[in-house]
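Report on one structure; see the data block that follows.
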Amino acid sequence: MLAAAAVVPSCSGGTTARPVDAQVAVTITDFKIAPAGLSAGPGDVRISVHNESPVTHEFVVVRSDLPADGLPLGSDGLSVDEEQVDVVDELGEIPTKDTAELTLDLAPGRYVFFCNLEGHYLGGMHAALEVAGA
């Protein structure tokens, strides 16, 4: 299931949100992360993450040439070892039926999105985004 683009305006004490070059809408469901698109251009990319799952999830963005399902696992064998990957940013807990956003300055390359709660990554909660050169 692909998500429709949805952007939630962010407000931070009267400051103006920075303009973005691209937007990526992502829907989280039980053990699946589904971006509306699999590519974006470089620059400021706003990622809008909507949690349709009945439980809370997190959303981690790493830069990696590894397959989305091939990131290194930690000693628990259930989650990605974030010390061994290039973490760009993350959203902590995203409650059910809630939407959260990240705006990231992404260089050309490959990025992997995943939920790193115990067992969720192994259960299939990962996807890749290619950022093409200008």
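Quick note: the coordinates plus some simple rules give every number you see, no bench work behind them. These numbers were taken from a predicted model, which means no experiment stands behind them. Methodologically, a virtual Cβ is constructed for each residue, glycine included, from the backbone with ideal geometry; neighbour enumeration extends over all protein chains shown.
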Scan around THR27 for amide H atoms under 5 Å from its own, H built in the peptide plane at 1.01 Å from N, and keep only partners 5 or more places away or cross-chain.
-> ALA3, ALA34, ALA36, HIS50
Listing THR27, THR56 by rising number of other beta-carbon atoms within 10 angstrom, fewest first, gives THR56, THR27
For the chain, the charge dipole (Cβ of Lys, Arg +1; Cβ of Asp, Glu -1; about the Cα centre) points to a positive end, and the Cα of SER64, ILE94, HIS50 closest to that extreme belongs to HIS50
Report the extension gain between THR56 and VAL87 in nm, rounded to one decimal, defined as 0.36 nm multiplied by the number of residues separating them, less their alpha carbon distance.
-> 9.1 nm
With the contact rule set at Cα under 8 Å and sequence spacing of 6 or more, what percent relative contact order holds for the chain?
-> 30
Quick one: among VAL88, VAL80, VAL26, which has the greatest mean-square fluctuation in a GNM of the chain with alpha-carbon springs under 10 angstrom?
-> VAL88
Work out from phi, with θ = phi - 60° and the Karplus expression 6.51 cos²θ - 1.76 cosθ + 1.60, the ³J(HN,Hα) of each residue of region 49-64, listed in order in whole Hz, and give x for Gly and Pro.
-> 10, 10, 8, 8, 6, x, 10, 6, 9, 10, 9, 10, 10, 10, 9, 7
What is the extension gain from LEU38 to ALA22, computed as 0.36 nm multiplied by their sequence separation minus the C-alpha to C-alpha distance, in nm to one decimal?
-> 4.5 nm
